[in-house]
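Chemist: First the structure, which I've put down as structure tokens, then a few questions once you've had a look.
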Amino acid sequence: GGVILASVNELDFAWSALLSACLANVFAAVRGNENKKLMETEGLKDRLGSVGNQFCITSILGFLLSIPFVLWKEGGKLGQFVESFKTIPALRNNMIASALWFYGYNELSTMTLKKTNAVTQSVA
């Protein structure tokens with residue numbers, strides 16, 4: 001609530017950014033809930049091996065499902081992005097570091113989900 005009140009005073013506040021962040025949080029909660037259900041499925045641990053592998057599989061599936069939307073919305077800028085990625089070391093290094101931290105945080109979050117329930121994990 002405080003972030004919203006502080007942001008409303010900004011003259012150039014982007015409501016689409018706030019709505020996108022809220023939507024991302026909703027989908028993160030849904031993902032946590034579905035991962036918890038998946039963890040309780042009989043025989044899953046035998047097939048996947050660990051919670052880390054489960055997170056990896058759901059991350060790969062999420063990436064593959066997002067490719068068509070990314071290409072649809074930003075496909076025209078793909079060549080410019082690839083060129084920038086190749087020629088600007090700061091962009092490349094920051095993207096790689098960001099991806100590794102994001103993956104590590106979310107894998108830890110999935111491991112935490114195994115020991116708690118979905119609501120506790122999403123609030124924490």
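Chemist: Which one is farthest from the chain's Cα centre (by Cα), of the residues in region 27-60 that are within 21 Å of Ala99 (Cα to Cα) and of a type in the set (A, V, I, L, M, F, W, C)?
Modeler: Taking the candidates together, the pick is Val51.
Chemist: While we're here: Take the residues of region 77-92 that are under 23 Å from the mean Cα position of the chain (by Cα) and open to solvent by less than 90 Å² (accessible area, probe 1.4 Å): which is farthest from Ile67 (Cα to Cα)?
Modeler: Filtering region 77-92 for residues that are under 23 Å from the mean Cα position of the chain (by Cα) and open to solvent by less than 90 Å² (accessible area, probe 1.4 Å), the one farthest from Ile67 (Cα to Cα) comes out as Ala90.
Chemist: Scan region 26-40 for residues that are open to solvent by 50 Å² or more (accessible area, probe 1.4 Å) and in contact (Cβ under 8 Å) with a residue 24 or more places away in the chain and report the count.
Modeler: 2
Chemist: Could we say that Val119 is at pLDDT below 75, open to solvent by 40 Å² or more (accessible area, probe 1.4 Å) and over 17 Å from the mean Cα position of the chain (by Cα) here?
Modeler: Answer is yes for this residue.
The values are calculated or read from the model by the stated rules, or taken from the named source; none is laboratory data. Values in this document were obtained by computation on a predicted structure and should not be read as measured data. As a convention, Cβ positions derive from the backbone with ideal geometry for all residues, glycine included, and neighbour counts pool all protein chains shown. SASA here: full protein model, heavy atoms, side chains in, ligands and nucleic acids out. Shrake-Rupley method; radii C 1.70, N 1.55, O 1.52, S 1.80 Å.
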